[in-house]
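A short worksheet on the structure shown next.
Values quoted throughout were computed directly from the atomic coordinates according to the rules given, and no laboratory measurement underlies them. All figures in this text were calculated on a predicted structure; none of them were measured in a lab.
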């Protein structure tokens with residue numbers, strides 16, 4: 001924890017960051033987003049699945065979940081999650097995430113600037129999974145390496161950053 005900034009609690013049920021049925025992944029994702037919208041946490045869901053196919057075989061080789069969510073308390077969440085694809089049990093597609101970026105901020109208004117809340121990512125300047133921590137004014141105060149077991153699910157991240165925004 002840096003500068004009094006907190007990370008979401010470790011998930012109660014550890015998320016399986018391993019190969020997972022692509023079809024089931026989509027069903028679970030839609031279910032979580034619908035629940036968050038019904039609860040008024042997410043106001044607008046503009047996330048989409050983008051599929052990459054190998055030429056000339058037409059085989060699905062990668063999936064990206066990308067876009068933005070507009071949430072309560074003026075929070076915006078940008079998601080860029082890249083997954084590898086393989087054929088698993090019964091020749092069905094399975095996915096495994098290889099790149100994460102969840103970035104949340106409070107939107108700017110005429111009377112206030114944009115304020116960063118929290119960002120998780122893996123990237124070229126720091127390839128291990130890490131969290132960028134921000135102070136109450138939205139300035140980065142540090143980065144903390146985290147394990148996959150500490151990585152929240154997307155819905156856990158969304159709930160946490162909406163709570164952060166409402167408490168600052």
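Between rounded, prolate and oblate, where does the range 14-60 land on the alpha carbon gyration tensor, with a ≥ b ≥ c its root eigenvalues, rounded for a/c under 1.5, else prolate if a/b exceeds b/c? Oblate, because a/c is 1.5 or more while a/b does not exceed b/c. With springs only between Cα atoms under 10 Å, which of 60, 84, 117 fluctuates most in a Gaussian network model of the chain? Evaluated over the chain, the most mobile residue of the options is 60. Comparing 46, 90, 104 in a Gaussian network model of the chain where C-alpha atoms under 10 Å apart are linked, the largest mean-square fluctuation is found at 90. Relative to the longest principal Cα axis of the chain, at what angle does helix 22-38 sit, 0 to 90 degrees, rounded to 10? Tilt of helix 22-38: around 30 degrees. Sequence-distant contacts, meaning Cα pairs under 8 Å at least 6 residues apart, place the relative contact order of the chain at 22 percent. By definition, a body whose alpha carbon gyration tensor gives a ≥ b ≥ c is prolate when a/c is 1.5 or more and a/b is larger than b/c, and the range 52-137 fits this prolate description.
Axis angle, to the nearest 10 degrees, between helix 154-167 and the longest C-alpha principal axis of the chain: 10 degrees. Measure out, as a whole number of angstrom, how far apart the alpha-carbon centroids of the range 116-165 and the range 70-103 sit. The distance from the Cα centre of the range 116-165 to that of the range 70-103 comes to 16 Å.
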